Amino acid sequence: AQSVTQPDIHITVSEGASLELRCNYSYGATPYLFWYVQSPGQGLQLLLKYFSGDTLVQGIKGFEAEFKRSQSSFNLRKPSVHWSDAAEYFCAVGASNYQLIWGAGTKLIIKP
Amino acid sequence: NAGVTQTPKFQVLKTGQSMTLQCAQDMNHEYMSWYRQDPGMGLRLIHYSVGAGITDQGEVPNGYNVSRSTTEDFPLRLLSAAPSQTSVYFCASSPDVNQPQHFGDGTRLSIL
């Protein structure tokens, strides 16, 4: 069955430190991959997407993600986090049955 | 530039009551969907539509009904509210399922 796993429920990072949020998926074909961010009390905003081509994709707010087919992963990275990055991050995979498959989310906490 | 508009933003219902959550988009998107978001469970798809007159069930459709008479509107109906339907509901739209989703701000629903 198709699935998306975000293994970390919470991650705490010091302001200015680097960040990596993990996303693993199970899907037979080449997937469409997305990362979204949700600030408290808000809807979800697209950070970046991968459809094809270059496996390193750049997004908004200084985020990037790398698609690794051999590892079925699409990890999100940022070289230096800011307090405003505190939010919940969701990975999603586009499946063939008109449905997106979502991870459970990772809550990012920033230490001053 | 309205995007996706959800109404109401907050609602409290009694068990057994019915109500309709409204969703409208002004981007001429064919694909629309309804999700519920519960703590630790990410987004779960309730129903989706690939165009006017076409709807289908997602992962958790029981207790909910939808219709899509126009491209713009995709209302979600709770037929007989139950406490288990207490959640935050998000409507989203996109040109198709594998394009980035545009989300509304959500409806926070409590069933007593």
Among the residues of the stretch B:61-109, write down those that are outside any loop (DSSP other than H, G, I, E, B), more than 19 Å from A:Tyr98 (Cβ to Cβ) and within 12 Å of another protein chain (Cβ to nearest Cβ).
B:Val88, B:Tyr89, B:Thr107, B:Arg108
Check whether at least one residue in the stretch A:81-90 is at pLDDT below 95 and buried (at least 20 other Cβ atoms within 10 Å of the Cβ), and report yes or no.
no
Testing A:Leu108 on (1) within 14 Å of chain B (Cβ to nearest Cβ); (2) under 23 Å from A:Ser3 (Cα atoms), one condition comes back false. Which one is that?
(1)
Taking B:Gln11, is it more than 9 Å from chain A (Cβ to nearest Cβ), part of a strand (DSSP E or B), at pLDDT 95 or above and out of contact with any Ser or Thr (no Cβ under 6 Å at 6 or more places or on another chain)?
yes
With respect to A:Ala17, determine if the residue is without any contact (Cβ under 8 Å) to a residue 60 or more places away in the chain and more than 11 Å from chain B (Cβ to nearest Cβ).
no
Given the conditions (1) assigned to a loop (DSSP other than H, G, I, E, B); (2) at pLDDT 95 or above, report the number of the one that B:Gly40 does not fulfil.
(2)
Of everything in the stretch B:30-54, what is over 25 Å from A:Ala87 (Cβ atoms) and either away from every other protein chain (no Cβ under 12 Å) or surrounded by fewer than 13 Cβ atoms within 10 Å (Cβ to Cβ) (or both)? Give them in sequence order.
B:Ala52, B:Gly53, B:Ile54
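The values are calculated or read from the model by the stated rules, or taken from the named source; none is laboratory data. Source: prediction; values computed, not measured. Methodologically, a virtual Cβ is constructed for each residue, glycine included, from the backbone with ideal geometry; neighbour enumeration extends over all protein chains shown.
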